[in-house]
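All remarks here apply to the structure that follows.
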Amino acid sequence: MTTRILLADDHEIVRHGLRLLLQRVGFEVIGEAANGQDAIRLAAENCPDVAVLDYGMPLLNGIGAAREIMRVCPRTKVILLTMHTDDHYVLEALQTGIKGFVVKSQAPADLTKSALPADPLTPREREVLQLIAESKTTKEVAKLLGISAKTVESHRTRILKKLDTPNTAGLVRYAIRLGLTQV
């Protein structure tokens, strides 16, 4: 069964490029929208498997559209497409329940990957990563896991190094891709 996708971006050329990319690897694009309101309407009519939403759309941004789409079609997974990489954008997406976060400067394959590379993290590092992605402070993580704050910081440093990412946004994106977050 083919995965059915709804595309929403206010730039027609971006939608066209995404449609071609997704169709080339076997996905079915069931609708396209240029704004958040149209995305909600199309989602309500078709309940796609996945909705790929641009963060910065007119009438209603991607976060607002995602909230409503997940309300009317609870099984629809939402992927946010954006040019923003700041931590607060990633955290806002995560807290909304968005399942993926793709930066427009990433390679096209990042949107269509069906398998992730092997996870380099230990089970304890995955626990720490999940709690970081859920916006827990170092002290909160330490208390929840029964370890010292210094040990939490050591885990965080090793995770950053293993994932070759310089900041929390990278950690949260990785946690989203692995499905470690409980939103």
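Annotations
- Extension gain for LEU144 to ARG41 (0.36 nm times residue separation, less C-alpha to C-alpha distance): 32.9 nm.
- Of all accessible heavy-atom area on the chain, the percent that carbon and sulfur account for (1.4 Å): 52
- Simple spin-label estimate for ASP164 and GLU92 in nanometres, 7 Å along Cα-Cβ: 3.0
- Spatially near lysine pairs across the chain, Cα under 16 Å, sequence gap of 8 or more or different chains: 6
- Cα gyration tensor category, rounded, prolate or oblate, for segment 1-86 with a/c compared to 1.5: oblate
- Length available on full extension from HIS11 to SER135: 0.36 nm per residue minus the Cα-Cα distance, which gives 41.4 nm.
- Take the chain with all the other protein chains still there, run a 1.4 Å probe, and you get 53 Å² of accessible area per residue.
- With Cα atoms, 0 to 90° folded angle of helix 36-46 axis to the chain main axis: 80
- Normalised by the number of residues in segment 4-86, the average gap of Cα pairs under 8 Å and 6 or more apart makes the relative contact order 31 percent.
- Cut-off under 5 Å, modelled amide H: who pairs with ALA51 long-range: LEU6, LYS77, VAL78, ILE79
- Gain on full extension, evaluated as 0.36 nm per residue between ARG177 and THR151 minus their Cα-Cα distance, stands at 6.9 nm.
- The helix-only estimate of mean residue ellipticity at 222 nm for the chain, built from DSSP H runs of length n ≥ 4 each weighted as -39500 (n - 2.57), is -15500 deg cm²/dmol after division by the residue total.
The values are calculated or read from the model by the stated rules, or taken from the named source; none is laboratory data. None of the values given here were measured: they were computed from a predicted structure. Positions of Cβ are backbone-derived with ideal geometry, glycine not excepted, and every protein chain shown enters the neighbour counts. In case anyone asks, the SASA skips ligands and DNA or RNA and just uses the protein heavy atoms, side chains included. Shrake-Rupley method; radii C 1.70, N 1.55, O 1.52, S 1.80 Å.
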